[in-house]
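See below for the structure under consideration.
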Amino acid sequence: MQDTHTGTANLPSQNTSASSDGYESEVSLPRLWGFLRSGRWTIAAFVLAAVLLGVFYLLTTPSIYRTDALVEIQPESTSPLDSLTGDLSQLTGGGSKSPAQAQISIMRSRSVVGKAVNDLGLIISTSANHFPYIGGMIAGSREPQPAAGTAVDEDAGSWFSNFAWSPVSISVSRFEVPDSLKGKNFTLRALGGGKFVLFGPEGERLLEGQTGEQATGRTSEGGDIELFVRDLMVSSPPTEFSVKRNHWLSVADSLAGSLQVAEQGERTGIVEIAMTGSNPSSITEKVNAVLQHYVRQNVEAKSQEAEQSIQFLEKKLPEVKSELDAAEARLASYKTNNQAVDLTSEGQALLDRASSIEDRRAQLEMRMAELRQQYTADHPTMQAAREQLQQLNQARQDLEGRVNQLPEEQKDTLRLQRDVEVNTQLYTGLLNRLQELRVVKAGTVGNVRIIDQAERPVSPISPKVSLVMMLSVVLGLVLGCGYVLLRIAMRRGVSDPQEIENRIGVPVYAVVPFSGWLARQTARAQRRRQPVPILARDHGMDVSVEALRSLRTSLYFAQMDANSSTILITGPAPGVGKSFISSNLAYLVADTGKSVVVVDADMRRGRLHEFLDNEREPGLSQVITGQVPLDDALRPLGDTGVTMLTSGQIPPNPSELLMRAEFSQLLEELDRRFDLVLIDAPPILAVTDAAVIAGAKEGIITFMITRAGMHPISEIEEAMRRMSRSERKVAGVVFNGYRQVHADYGGGDRHYQYEYKSQSGK
């Protein structure tokens with residue numbers, strides 16, 4: 001029964017504010033908390049859904065691992081003449097750079113990464129075909145099973161069964177395809193017993209083969225296909241794999257891009273090589289392979305550099321030796337032909353200074369000769385070397401001026417000894433360096449030292465379970481609260497009875513709470529086609545009944561003021577609970593010893609007969625038309641003391657029947673027979689019957705039944721205006737169907753929940 005509903009309590013206090021412009025809801029923390037509390041189950045549902053999505057994300061998202069290695073890059077000597085290397089580095093600005101800066105680019109170079117790609121066989125990629133989203137999770141949760149020893153037909157399985165639902169493995173050593181098919185996925189269907197069939201990117205059958213044997217085939221365009229499967233393990237054939245022959249360059253670039261290479265600290269020379277991925281063994285192998293090839297490349301580069309330096313020194317040493325021999329011969333000849341002259345302290349100082357300058361000039365000239373093999377004349381290093389040579393030449397000229405001031409004998413002796421010392425130092429230094437370079441070339445030593453190799457990671461770095469679950473809860477709370485507040489913001493129905501009083505100026509006589517017991521019992525009775533229960537009679541301890549008793553008291557005083565015993569009950573729209581209010585109020589009034597009659601004036605959709613025997617006839621329409629006497633149409637409601645006049649046969653013109661004088665005479669007759677006449681009228685906004693009834697008899701008291709959260713304030717105002725046209729203003733409003741959620745909207749009063757305590761309660 002759509003308009004049968006519940007009972008009431010005292011008017012709950014709400015956080016409201018009245019103004020001359022009308023009623024405004026006060027947005028306060030208690031009111032906001034009330035909104036959220038009213039949607040607590042909705043918010044809980046959002047949180048639960050978000051948590052379930054978080055769990056699904058954790059189960060379906062592959063774990064990401066991270067591995068790293070540490071390398072120390074020591075400063076390198078680019079020349080056998082170490083003393084000049086530092087000078088030139090400072091002149092060119094190289095002294096402020098870390099030795100690791102250039103090496104980081106080398107680590108990512110294709111010459112290093114490409115060799116790792118070849119060694120690890122990364123050109124060929126394979127993967128099991130899992131069911132989308134959940135297939136990998138299911139397969140990972142199962143234990144590996146023994147490989148199937150018997151082959152099945154390639155078409156034996158269905159599309160669903162071809163997925164890998166348990167742990168599987170495949171190892172492909174060789175896979176050659178035409179260039180046009182590189183980078184495209186092929187499907188390999190394992191049939192068990194080591195047999196397989198290969199299908200092309202378009203699904204065409206290319207070849208069949210056996211594990212451990214070379215298999216060949218041809219494409220439809222005539223290209224050759226070669227495949228060697230070294231190992232294949234499936235437990236439930238047929239099972240499909242994806243196989244792809246990648247371009248070497250794309251794989252090398254991809255691997256270089258996945259490497260995370262960075263120097264630890266500023267100019268420390270300590271470089272970290274890291275990689276993340278879902279396969280911990282694979283990323284460990286890749287980092288170590290790149291690391292080993294980088295070290296090998298560094299050693300080979302050092303060996304090649306040493307070879308070039310050896311060739312240069314072997315070419316220069318005979319020249320330096322000849323110059324040394326000539327200088328010694330000149331000094332010996334001078335001493336033989338002339339009387340030896342000892343140098344003074346000043347001369348000795350000039351000799352040391354001159355020897356140093358000449359030694360540096362000779363080394364710098366050889367250094368420049370070595371640099372010409374690597375750089376052009378405009379290179380910054382060559383320019384710096386020329387600038388330094390100019391400085392040394394200027395220092396040499398300045399020193400020559402001081403030497404020329406010495407006596408002739410000391411001057412000759414100084415120059416000859418200077419030539420011998422310079423050539424001796426240069427020859428000895430080059431000879432020692434040559435031996436060092438031969439050792440470097442013969443050995444495996446570079447300027448790179450591995451501190452830590454990459455180790456297989458144990459635990460993943462993502463996804464983080466605690467973070468995902470926390471974010472899921474927060475997301476659920478945010479979305480749930482947002483949805484609840486948005487729903488309330490879009491809510492059009494009045495949920496606060498005080499708003500009716502403040503906006504319309506009509507008193508609210510009672511606020512009737514919703515009765516869950518009555519809703520359940522009414523639905524049950526309608527399913528079984530039994531009489532609908534009367535709450536005041538069948539469940540008198542319900543809090544709604546207490547609200548109706550309050551309405552009975554208010555009605556008593558309203559009757560005294562109006563000096564009338566006829567009450568009209570209507571509402572703005574159907575489904576507000578008019579029949580519920582009428583029947584239960586009639587029972588409570590009759591319980592005081594008064595005689596009460598309830599008239600179902602809704603001759604279109606009247607429902608009072610559902611409280612009796614579900615028979616609509618005979619009723620009001622037949623009494624007005626004279627088809628049935630009044631006494632035959634009046635039916636008692638059990639032994640309650642309540643008499644009911646049902647709506648009767650549905651007429652084609654209900655409004656015209658209510659305008660007849662017979663209807664007014666009927667009301668007069670009922671008023672003489674009974675202490676109280678309750679008229680259950682149709683909704684005023686749907687039809688005009690309620691206004692017609694209000695004008696059929698003097699002194700009729702009209703009550704408007706509204707349902708909490710159902711009517712916008714404008715709808716109630718319009719209903720009041722239509723009733724006022726009959727010059728019978730509405731005496732008051734009954735606010736029906738009030739729930740805890742409506743109290744929460746207003747800030748949270750709950751005192752209407754006061755109920756009877758059972759006798760067995762302690």
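The values are calculated or read from the model by the stated rules, or taken from the named source; none is laboratory data. Everything numeric in this text was worked out from a predicted model, so none of it was measured. Cβ placement follows ideal geometry from the backbone for every residue including glycine, while neighbour counts extend to all protein chains displayed.
When you look at T706, is it touching a strand residue (DSSP E or B) at 6+ places or on another chain (Cβ under 9 Å), of a type in the set (S, T, N, Q) and closer than 13 Å to P574 by Cα, yes or no? Yes: the conditions hold for T706.
Here's the yes/no breakdown for (1) of a type in the set (K, R); (2) part of a helix (DSSP H, G or I); (3) surrounded by 15 or more Cβ atoms within 10 Å (Cβ to Cβ):
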{"position": "V474", "(1), (2), (3)": "no, yes, no"}
{"position": "V478", "(1), (2), (3)": "no, yes, no"}
{"position": "L485", "(1), (2), (3)": "no, yes, no"}
{"position": "A510", "(1), (2), (3)": "no, no, yes"}
{"position": "R524", "(1), (2), (3)": "yes, yes, no"}
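Which one of L59, L84, L36 is modelled with pLDDT under 70 and hydrophobic (A, V, I, L, M, F, W, C)?
Numbers: L59 fails: modelled with pLDDT under 70; L36 fails: modelled with pLDDT under 70.
Just one listed residue meets the conditions, L84.
Given the structure, is E300 without any contact (Cβ under 8 Å) to a residue 12 or more places away in the chain and assigned to a helix (DSSP H, G or I)? Break it down stepwise before answering.
Numbers: without any contact (Cβ under 8 Å) to a residue 12 or more places away in the chain: yes; assigned to a helix (DSSP H, G or I): yes.
When the stated conditions are applied, E300 passes them.
Taken over the stretch 562-612, the residue count meeting the criterion of being small (G, A, S), at pLDDT 85 or above and part of a helix (DSSP H, G or I) is 5.
The residues in the stretch 699-715 that are modelled with pLDDT of 85 or more and either among the aromatic types (F, W, Y) or under 50 Å from the mean Cα position of the chain (by Cα) (or both) can be counted, and the count is 5. If the condition is being surrounded by 15 or more Cβ atoms within 10 Å (Cβ to Cβ) and either at pLDDT 90 or above or of a type outside the set (G, A, S) (or both), then the stretch 211-230 contributes T211, A215, G217, T219, I225, L227, F228, V229. Using the structure shown, decide if M275 is within 30 Å of V177 (Cβ to Cβ), surrounded by 16 or more Cβ atoms within 10 Å (Cβ to Cβ), more than 32 Å from the chain's Cα centre (by Cα) and at pLDDT 85 or above. No; evaluated as a whole, the condition is false for this residue.
Tell me yes or no: at least one residue of the stretch 654-673 is touching a helix residue (DSSP H, G or I) at 6+ places or on another chain (Cβ under 9 Å), within 22 Å of Q559 (Cβ to Cβ) and assigned to a loop (DSSP other than H, G, I, E, B). For the stretch 654-673, residues touching a helix residue (DSSP H, G or I) at 6+ places or on another chain (Cβ under 9 Å), within 22 Å of Q559 (Cβ to Cβ) and assigned to a loop (DSSP other than H, G, I, E, B): absent. Checked against the criterion of being part of a strand (DSSP E or B), among the β-branched types (V, I, T) and assigned by TED's automatic domain parsing to the domain that holds W165, the stretch 222-233 contains one or more residues that satisfy it. Candidates in the stretch 428-472 are the residues that are among the acidic types (D, E) and either at pLDDT 75 or above or in a loop (DSSP other than H, G, I, E, B) (or both); of these, the one that is nearest to T284 (Cα to Cα) is E455.
Among residues that are at pLDDT 85 or above, assigned by TED's automatic domain parsing to the domain that holds E698 and in a helix (DSSP H, G or I), S554 is not included.
Residue count for the stretch 183-209, restricted to those that are within 26 Å of P146 (Cβ to Cβ) and assigned to a loop (DSSP other than H, G, I, E, B): 2.
The rows are residues; the columns are (1) surrounded by fewer than 17 Cβ atoms within 10 Å (Cβ to Cβ); (2) of a type in the set (S, T, Y); (3) outside the structural domain of L608 (by TED's automatic domain parsing).
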site: L634; (1), (2), (3): no, no, no
site: G648; (1), (2), (3): no, no, no
site: A661; (1), (2), (3): yes, no, no
site: A681; (1), (2), (3): no, no, no
site: V692; (1), (2), (3): no, no, no
site: S724; (1), (2), (3): yes, yes, no
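Against the definition (in contact with a strand residue (DSSP E or B) (Cβ under 7 Å, 6 or more places away or on another chain) and either closer than 23 Å to A523 by Cα or of a type outside the set (S, T, Y) (or both)), how does D600 come out, yes or no? Answer is yes for this residue.
Given the criteria of a type in the set (A, V, I, L, M) and within 24 Å of S583 (Cβ to Cβ), does A489 qualify? Please lay out each step first, then the result.
Values: of a type in the set (A, V, I, L, M): yes; within 24 Å of S583 (Cβ to Cβ): no.
So A489 does not fit the description; no.
Taking the conditions (1) in contact with a strand residue (DSSP E or B) (Cβ under 7 Å, 6 or more places away or on another chain); (2) of a type outside the set (S, T, Y); (3) part of a helix (DSSP H, G or I) in turn, L678 satisfies each one other than (3).
Please verify whether the stretch 246-254 includes one or more residues that are among the β-branched types (V, I, T), in contact with a helix residue (DSSP H, G or I) (Cβ under 7 Å, 6 or more places away or on another chain), within 26 Å of G114 (Cβ to Cβ) and in the same structural domain as L188 (by TED's automatic domain parsing). Yes - at least one qualifying residue is present in the stretch 246-254. Of the residues T268, T211, the single one that is over 34 Å from the mean Cα position of the chain (by Cα), closer than 28 Å to A289 by Cα, among the hydroxyl-bearing types (S, T, Y) and outside the structural domain of N129 (by TED's automatic domain parsing) is T268. More than 59 Å from the chain's Cα centre (by Cα) and crowded, with 24+ Cβ neighbours inside 10 Å - does that describe any residue in the stretch 579-587? Yes. If only residues of the stretch 545-582 that are free of Cβ contacts under 8 Å to residues at least 60 places away in the same chain and of a type outside the set (A, V, I, L, M) are counted, the one that is nearest to R673 (Cα to Cα) is Y556. Among the numbered conditions (1) buried (at least 24 other Cβ atoms within 10 Å of the Cβ); (2) farther than 18 Å from Y738 by Cβ, the only one that V576 does not meet is (2).
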